[in-house]
Amino acid sequence: MKKAILLVTLTPILIFGFIFTYISSLSINERIICSVDNNAFIIPKPLCKLYLYNFTSKNDAKELDETYGLSYLFGTEDEFERYEILDIFIRSGADIDKPSNVDGLTPINAAILFSDYKLVGYLIASGANLNIKDIQNNMNAFEYVIFLMEKDSGRDREEIMKLISEYRLKES
């Protein structure tokens, strides 16, 4: 009887230990995908999310910076999750101004490209530097929004332009 109780008690602990060890062996990009996509991994999304939310470290933030960058998180479909995960990585030390190694855009310029007013505001409130130039176009946020307004008139970026202009005035 004691062996059965011990087995019943230890089995979940061993399973969770194995799962968390497996999750910790994933790249940061795989952990993010596992945390936001129910069908990406055999590990249930809630367990990946639990791990990501509680064990993300400075090394994870650095790994994200060195691979896809903070803008990798912008593709998270669930908006609430997107901002939760962005908060986690920014608190863990991810560089809010580092251009992506994929497209060369700073996170603020990527948000401008997506015409995502809320995301631009979030990045500004989180400390994004609007004067950092991206690698792709060698433009800061203000120059980039003007460039896109001239190049792609099909998307309305007036509100983003206002937001950036207001912030620049406050900083002056």
Residues in region 7-23: is at least one closer than 30 Å to I124 by Cβ and out of contact with any Ser or Thr (no Cβ under 9 Å at 6 or more places or on another chain)? no
Residues in region 123-161 that are assigned to a loop (DSSP other than H, G, I, E, B) and not β-branched (V, I, T) total 19
Quick one: which residue in I28, I19, I5, I15 is within 21 Å of the chain's Cα centre (by Cα), at negative phi and of a type in the set (V, I, T)? I28
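Of the residues I112, I160, only one is surrounded by 20 or more Cβ atoms within 10 Å (Cβ to Cβ), of a type outside the set (S, T, Y) and touching a Leu at 6+ places or on another chain (Cβ under 8 Å); which?
Numbers: I160 fails: touching a Leu at 6+ places or on another chain (Cβ under 8 Å).
Result: I112 is the single residue among I112, I160 that is surrounded by 20 or more Cβ atoms within 10 Å (Cβ to Cβ), of a type outside the set (S, T, Y) and touching a Leu at 6+ places or on another chain (Cβ under 8 Å).
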Considering (1) part of a loop (DSSP other than H, G, I, E, B); (2) surrounded by fewer than 17 Cβ atoms within 10 Å (Cβ to Cβ); (3) out of contact with any Gly (no Cβ under 8 Å at 6 or more places or on another chain), say which one Y68 fails and leave the rest. (2)
Quick check on this structure: which one of A61, A128 is among the small types (G, A, S), touching a Gly at 6+ places or on another chain (Cβ under 8 Å) and crowded, with 17+ Cβ neighbours inside 10 Å? A61
What's the number of the only condition in (1) within 18 Å of the chain's Cα centre (by Cα); (2) outside any helix (DSSP H, G or I); (3) touching a residue at least 12 places away in the same chain (Cβ under 8 Å) that A40 fails to meet? (3)
Pairs only if they're at least six apart or on different chains, beta carbon under 7 angstrom, first in region 109-135 and at positive phi, second outside any helix (DSSP H, G or I) and among the basic types (K, R); list them, first residue then second. S115/R155; S115/R157
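From the list K49, K98, which residue is surrounded by 15 or more Cβ atoms within 10 Å (Cβ to Cβ), in contact with an Asp or Glu (Cβ under 9 Å, 6 or more places away or on another chain), basic (K, R) and part of a loop (DSSP other than H, G, I, E, B)? It would help to see each step written out before you state the result.
Working: K49 fails: part of a loop (DSSP other than H, G, I, E, B).
After applying the criteria, what remains is K98.
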Looking at (1) under 21 Å from T56 (Cβ atoms); (2) outside any helix (DSSP H, G or I), can you tell me which one Y83 breaks? (2)
Could you check how many residues of region 110-122 are under 14 Å from the mean Cα position of the chain (by Cα) and either of a type outside the set (S, T, Y) or part of a loop (DSSP other than H, G, I, E, B) (or both)? 4
Meets criteria (of a type in the set (A, V, I, L, M), within 18 Å of the chain's Cα centre (by Cα) and surrounded by 15 or more Cβ atoms within 10 Å (Cβ to Cβ)) for L105: yes
Which condition does S92 not pass, out of (1) within 18 Å of S35 (Cα to Cα); (2) loosely packed, with under 12 Cβ neighbours inside 10 Å, if it passes all the others? (2)
The condition of being free of Cβ contacts under 8 Å to residues at least 12 places away in the same chain and closer than 25 Å to D87 by Cα holds, among T21, T11, only for T21
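Just checking, how many residues over region 25-44 are surrounded by 11 or more Cβ atoms within 10 Å (Cβ to Cβ) and farther than 14 Å from I85 by Cα?
6
Any read-out appearing in this document is the output of simple, stated calculations on the displayed coordinates, not a laboratory observation. Computed from a predicted structure; not experimentally measured. Counting neighbours? That spans all protein chains shown, and the Cβs are built from the backbone with ideal geometry, glycine included.
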